[in-house]
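Below you'll find the structure, written out as structure tokens, and then a few comments.
The values are calculated or read from the model by the stated rules, or taken from the named source; none is laboratory data. No experiment lies behind these values; they were computed from the predicted model shown. Neighbour counts run over all protein chains shown; Cβ positions are idealised from the backbone, glycine included. Side chains are part of the model used for accessible areas, which takes the heavy atoms of the whole protein and leaves out ligands, DNA and RNA. Shrake-Rupley method; radii C 1.70, N 1.55, O 1.52, S 1.80 Å.
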Amino acid sequence: MRPKTALTAAAVVASNVLGNFCLSLGLKQAAPLTASPLSYLSAFLSPWVVLGVALLILWMLTRVALLSWADLSFVLPVTAAGYVLTALMGKMFLAEQIGPARWAGTLLIVAGVALVSVTPPRTTRAARPAAGESAR
Amino acid sequence: MKWALVGVIVFSTIVSDLLQSYEMKRHGEIHFRRGGLPRVFGRLCLRWRLLLAVLFLALSFFAFMKLLTVADLTFAVPATAATYVFETVLARLLLKEQVSGRRWAGAGLVACGVAFLAL
């Protein structure tokens, strides 16, 4: 794996895990969501929710960037490493209990990620970048 | 209700990912250089397939939140694991990616692992 692919995949995973973590923290403190759109808007008063949404936007951008040179069938399993980090963060910061089934699931995901990450990221022909569309 | 929501989540996630991958393959590799990235991402906003992908992603996100109000997380998480298998099949068929034995095995392991998380 190229360092660029590894670093971008790591950024995709980190922004997703931290984004969901902040969002969940903020929504737990906020008033419960109702059918009214106003309750969704008022959730944005929480700085945790704002930070969470910002991180999820970053997640979307880094993932789109990664998809510009890596296959979908590569990106999907490799970024599933986020499930593992979420479980570890829950254990470390939220003192959640992780049972044997969860550890088994976590190990299966790690094995899947390891298997896919040694395959070449791109198997289709690289598109010729159209003029002016790549970053300068 | 539960299964209808799962259907909406799985379907919209798949459509969103296929659209993103298809459009970004057409775009070609993004190069990280100082100062250029805001322009690149700004231009990406003009691509209708990516905008449609964001809409489907939002639909999937709100359907997931709705699902959490009518079902447990232990039901919601494994239900979304199905997308790994479906998307790998569709990446092979529609995006013409060469899915090697390792990738099939990896996607299968991840899907099983995600399903296990809910036990």
Would you point out the residue of the stretch B:51-65, among those that are more than 10 Å from every other protein chain (Cβ to nearest Cβ) and open to solvent by 70 Å² or more (accessible area, probe 1.4 Å), that is nearest to B:LEU19 (Cα to Cα)?
B:LEU51
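For A:LEU45, state whether it is open to solvent by 20 Å² or more (accessible area, probe 1.4 Å) and over 12 Å from A:ALA9 (Cα atoms). Before the answer, list the steps.
Values: open to solvent by 20 Å² or more (accessible area, probe 1.4 Å): yes; over 12 Å from A:ALA9 (Cα atoms): yes.
When the stated conditions are applied, A:LEU45 passes them.
Test of understanding: among A:LEU85, A:LEU7, which residue is loosely packed, with under 15 Cβ neighbours inside 10 Å, within 18 Å of the chain's Cα centre (by Cα) and closer than 29 Å to B:MET24 by Cβ? Talk me through it step by step, then tell me what you get.
Details: A:LEU85 fails: loosely packed, with under 15 Cβ neighbours inside 10 Å.
Criteria check complete, one pass: A:LEU7.
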Checking B:LEU94 against (1) within 7 Å of another protein chain (Cβ to nearest Cβ); (2) within 16 Å of B:GLN20 (Cα to Cα), the condition it does not meet
(1)
Reported set for the stretch B:1-26 where residues are in contact (Cβ under 8 Å) with a residue 40 or more places away in the chain, among the aliphatic types (A, V, I, L, M) and assigned to a helix (DSSP H, G or I) is B:LEU5, B:VAL6, B:VAL8, B:ILE9, B:VAL10, B:ILE14, B:VAL15, B:LEU18
Reported set for the stretch B:36-50 where residues are in a loop (DSSP other than H, G, I, E, B) and open to solvent by 20 Å² or more (accessible area, probe 1.4 Å) is B:CYS45, B:LEU46, B:ARG47
Scanning the stretch B:106-117 for residues that are under 8 Å from A:GLY105 (Cβ atoms) and among the small types (Gly, Ala, Ser), the one least open to solvent (accessible area, probe 1.4 Å) turns out to be B:GLY113
Any residue at all in the stretch B:91-105 that's open to solvent by 20 Å² or more (accessible area, probe 1.4 Å), among the small types (Gly, Ala, Ser) and assigned to a helix (DSSP H, G or I)?
yes
Result of the Cβ filter at 9 Å on the stretch B:91-109, keeping first residues that are polar (S, T, N, Q) and partners that are outside any helix (DSSP H, G or I) and modelled with pLDDT of 90 or more, at least 6 apart or interchain, is B:GLN98/A:ASP71
Of (1) open to solvent by 10 Å² or more (accessible area, probe 1.4 Å); (2) closer than 17 Å to A:ALA70 by Cβ; (3) over 13 Å from the mean Cα position of the chain (by Cα); (4) free of Cβ contacts under 8 Å to residues at least 40 places away in the same chain, B:ARG33 fails just (2)
With the requirement that a residue be assigned to a helix (DSSP H, G or I) and either at the interface with chain B (Cβ under 7 Å from one of its Cβ atoms) or open to solvent by less than 50 Å² (accessible area, probe 1.4 Å) (or both), what does the stretch A:109-125 give you?
A:ILE109, A:ALA111, A:GLY112, A:VAL113, A:LEU115, A:VAL116, A:SER117
Scan the stretch B:74-90 residue by residue and report those that are open to solvent by less than 20 Å² (accessible area, probe 1.4 Å) and at pLDDT 90 or above.
B:GLU87, B:THR88
